[in-house]
Amino acid sequence: MSDSRPVEAFTGVVALDGPSGTGKSTVARRLAERLGARYLDTGAMYRAATVAALRKGVDLADGVAVTSVVETSRIEISTDPEHVSITLDGEPVDAEIRSAETTAAVSAVSAVPAVRALLVDAQRELIADGGIVVEGRDIGSVVWPTARPKVYLTASPEARARRRAGELGGDVAAVAADIARRDGLDSSRAASPLTRASDATELDTTDLGIDEVVERLVALAAAAN
Ligand code: DC
């Protein structure tokens, strides 16, 4: 039986990093609910920045132009795990940030160091009050290195492709190819590549259900609180 009571007033910062298809978003949101904490999806911020760049029609290979678009855009994100929402210049873009076009372009935008610096600043402001579960790629390594617990989720390539295809619809082989392409870009970029922080706890979710992963993280958070 799982215990659904929140852990008493969680005031810390949980860092949840790892590639897509590991169950990270679902787990992060549920964990925040269980802890009575806030929730921050940093990937959604990179996606909203990408929507801004695509709308302005700038060349995504032009880091200066992309940065200037992001600098002059207003990205606001809710940290309520029960009402996840993000706006760009006041307009909700929750569906648009998940489109195939945005997903195909987000690695280029998130590889621009000045874009990362802008978004990391915004993330740190949101995190500063504590009591928050933060998911991304560089939370434990760059954004909030003192986060406890600091967890790195993994899963086999097959499991990740199956989960993503289940969420988005589509062919598992095509999804697997897209995951491999984005992993390669996210891991090889010069600025804050996707890596496991040396002091992060690695959790392989290949053979674990979502509930089981959440239970393990609740225990880690309770121990850290
Ligand atoms: O988690 P996601 O798929 O929504 O993330 C979208 C993209 O943003 C992904 O290609 C990696 C990038 N990202 C990043 O570089 N740093 C983060 N902290 C979060 C996401």
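Among the residues that make up segment 50-58, is at least one of them among the aliphatic types (A, V, I, L, M) and within 27 Å of A222 (Cβ to Cβ)?
no
Restricting to segment 190-225, what's the tally of residues that are under 16 Å from G23 (Cβ atoms) and part of a helix (DSSP H, G or I)?
So the count comes out to 10.
So, S187, is that one assigned to a helix (DSSP H, G or I) and surrounded by 22 or more Cβ atoms within 10 Å (Cβ to Cβ) or not?
no
Anything in segment 129-160 that is more than 30 Å from N225 (Cα to Cα) and more than 17 Å from the chain's Cα centre (by Cα)? List them, or say none.
Listed by number, the residues that qualify are S156, P157, E158, A159.
So which helices (runs of 4 or more DSSP H) are wholly in segment 22-123 and hold at least 2 residues that are within 13 Å of the ligand (Cβ to nearest atom)?
Those helices (runs of 4 or more DSSP H) span 24-35, 42-56, 100-110.
Of all residues in segment 143-172 being modelled with pLDDT of 95 or more and not in a strand (DSSP E or B), which is nearest to R98 (Cα to Cα)?
V143
The values are calculated or read from the model by the stated rules, or taken from the named source; none is laboratory data. Predicted model only: the values in this text are computed from it and were never measured. Every residue, glycine among them, receives a Cβ derived from its backbone with ideal geometry; neighbour counts consider all protein chains shown.
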